[in-house]
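Each remark here refers to the structure printed beneath this line.
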Amino acid sequence: MKLVIAIIKPSRLEEVRQALNSLDVHGMTVTEVKGYGRQKGHSEIYRGTEYAVHFLPKLKIEIAVEDSQSDAIVSAIRESAQTGRIGDGKIFVLDLLAVTRIRTGETGAAAL
Amino acid sequence: MKLNKTLTVLGSALGALALLAGPALAQDAPKLDTGDTAWMLTSTALVLMMTIPGLALFYGGMVRKKNVLATVMQSFAITCLVTIIWYVVGYSMAFTDGGSTQAWLGGFAKIFHNNVGVTTTNALAGTIPEYVFSMFQMTFAIITPALIAGAFAERMKFSAMMIFMGLWSLIVYSPIAHWVWGGGFLGSWGVLDFAGGTVVHINAGVAGLVCALVLGKRKGFGTANMAPHNLVLSVIGASLLWVGWFGFNAGSAVASNALAGAAMMNTQVATAAAALAWMFAEWIVVKKPSVLGIISGAVAGLVAVTPASGFVNPTGALVIGLVAGALCYLAAAHMKKMFGYDDSLDAFGVHGVGGIIGALLTGVFADPAINPLGATHSIVTQFYGIIFTIAWTAVASFVILMVVKVLVGLRPSEQEEEEGLDITQHGESVNE
């Protein structure tokens, strides 16, 4: 099993959700996060005082999937989250050791 | 306004009155009344409160968080812009005798409030100083364009909005205010509009619809989550609108008298009825009585009772409120979906539709026992008032939008719209 973590632009969430839905991915966790990579922040000016805002709002999507689905999901996220402009985000794939569904106690792929 | 009818008689005297500055001719004119003046000073402050912060918060709560500052900024900037325009030329165009053009447009004798001083009055309101009358009318000139902003929320460049609103105030608001209240042809025909159903609400609602159609939908409309980011702000805003509306409607008696009291009672009853009507309609259709629903219904009731408030009795106001609450719900929740336009905060669905309902029903329920000027009421005359207002505001708003589009463009880039107007238009953001 894999854990796919994608950092995306907040405005692309709906497109990503639809793309994953069409791959039969019906669950995900989304967190509002802040960060920066190559896209630097911007500055805001309040009564003449300038503040550098280094950390930009992004969304972090986490999805636990079976090994066989992983590549298709990564490319679906890449296509649906891409605007072509700097700041589109990144996708990380990690090995997932164990999963348990709390309600039933199921483990492994059955709990995904 | 209650003195509309007398204007045809007084109209010719108006220019001379302005030049000779009041007291010289005062033996026939009503005397200044301290009670009236006190109430109109109060009403003026109340109506200004409707726009800032009332409307700013009402609208600000309904947009997404990335656009909240841009939305409250629109109300605030329009307040400042229209104040200057009204002082310089708007008041003169609306409320000064236009001579040969009197049916269509007022004159320019009071540019920069020339010929207005501490001793003058306007023939339309002889018991209060002219400065107070102009200030009171100014607050109406301010809120009308501010209402339009609800239709194009979250997707208009600030520069485009400023140019549009400045031109709109001059080309649309001042003439229509003159037609109905300033001695123009609609008032002469007997169109009843106590506090601004046609001048303010139909006018702004229809202009809003034109803006929504010309600008097009927000990016992601129909798929992205565009839910209001903080309805508590909207509840505070709607509540300030309700309280401020007593200045709007009871203030439109332009006197501290029983008619103002009737207008206040009518306003309260219609607003409560419309709020409940919207709430119950939504409760029946979608099974939940929503907070946004009850406050939207209240605003719909305030809008619909506006032209009626000084003509109908409270039972008439009750019926107007119930009809407006239910029909505005249908307009905002269903008609908008049916036609697919993005009137983001329902400027047309509430102000346009509610204004038309109120203007028509004023012709049905006007009660001469409340106001003798309503004795000749007719739904047909009301209809003429609505048609002329819609025609002028629709055509002129469209043309102004085209001019602005050529000058600076109407919408920010797609990327700016995605990032939000707060940061891209104003360089500021609401922090967590």
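Read-outs throughout are calculated quantities, based only on the coordinates presented, and are distinct from any laboratory measurement. Predicted model, so just to flag it, every value in this text is computed and none were measured. Here the Cβ is made from the backbone with ideal geometry for all residues, glycine too, and neighbour counts use every protein chain on show.
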B:Phe112/A:Ser43 FRET efficiency (R0 45 Å; Cβ-Cβ; nearest 0.05): 0.65
10 Å Cβ shell holding at most 15 others, DSSP loop, chymotrypsin sites (Phe, Trp or Tyr not before Pro): longest site-free stretch of chain B: B:222-432
Distant alpha-carbon pairs in the protein assembly as shown (separation over 36 angstrom), percent: 40 percent
B:Met402/B:Lys217 FRET efficiency (R0 22 Å; Cβ-Cβ; nearest 0.05): 0.70
Gyration tensor verdict on the stretch B:252-350 (Cα atoms; rounded if a/c is under 1.5, prolate if a/b is larger than b/c, oblate otherwise): prolate
Dipole moment magnitude, nearest 20 debye, the stretch A:2-111 about Cα centre, only Lys, Arg, Asp, Glu C-beta charged: 480 debye
Cα lying deepest toward the dipole's positive end in chain B, options B:Gly427, B:Ser397, B:Ile52, charges on Cβ: B:Ser397
Charge dipole magnitude, Cβ of K and R +1, D and E -1 - chain B, Cα centre, debye nearest 20: 500 debye
Where Cα atoms sit under 15 Å apart: lysine pairs in the stretch B:23-426 separated by 8 or more or lying on different chains: 7
Value of [θ]222 nm, deg cm²/dmol, for chain B, DSSP H segments ≥ 4, -39500 (n - 2.57) each, nearest 500: -19000 deg cm²/dmol
Mean-position separation - Cα centroids, the stretch B:109-169 and the stretch A:46-105, in angstrom: 50 Å
Relative contact order %, chain B, counting alpha carbon pairs below 8 Å whose residues are six or more apart: 23 percent
Mean-position separation - Cα centroids, the stretch B:345-365 and the stretch B:284-318, in angstrom: 10 Å
When the convex hull of its Cα atoms is projected in every direction, mean area for the stretch B:23-426 (nm²): 18.3 nm²
Cα-based helix-to-principal-axis angle, B:353-365 vs chain B, degrees rounded to 10: 40 degrees
Largest-first ellipsoid semi-axes for the stretch A:2-111, taking √(5λ) over the Cα gyration tensor eigenvalues, angstrom: 32, 16, 11
Choice from A:Ala76, A:Ala19, A:Ala52 showing the highest fluctuation, given a GNM over chain A with Cα pairs closer than 10 Å: A:Ala52
J(HN,Hα) series, the stretch B:396-407, from Karplus relation 6.51 cos²θ - 1.76 cosθ + 1.60, nearest Hz, glycine and proline x: 5, 4, 4, 5, 4, 4, 5, 5, 5, 4, 5, 5
Cut-off 14 Å (backbone N to label point 7 Å along Cα→Cβ of A:Thr83), residues of the stretch B:207-233: B:219-220
In the stretch B:285-364, trypsin sites (Lys or Arg not before Pro) in a DSSP loop with at most 13 other beta-carbon atoms within 10 Å: B:Lys287
GNM top mover of B:Ala308, B:Ala359, B:Ala326 - chain B, alpha-carbon springs below 10 Å: B:Ala326
DSSP loop GluC sites (Glu not before Pro) with at most 15 other Cβ within 10 Å excluded, longest remaining stretch of chain A: A:1-65
Nonlocal amide H pairs with B:Lys157, under 5 Å, H built at 1.01 Å: B:Arg411
Additional length obtainable on full extension of the chain from B:Met338 to B:Asn225, 0.36 nm per residue less Cα span: 38.8 nm
Equivalent ellipsoid semi-axes - Cα gyration tensor, the stretch B:167-218, angstrom: 25, 11, 7
Low-density loop positions, chymotrypsin sites (Phe, Trp or Tyr not before Pro), the stretch A:22-64 - DSSP coil, at most 16 other Cβ in 10 Å: A:Tyr36, A:Phe55
Paramagnetic reach from A:Ala111 (point 7 Å along Cα→Cβ, amide N under 19 Å) across the stretch A:1-33: A:1-5, A:26-30
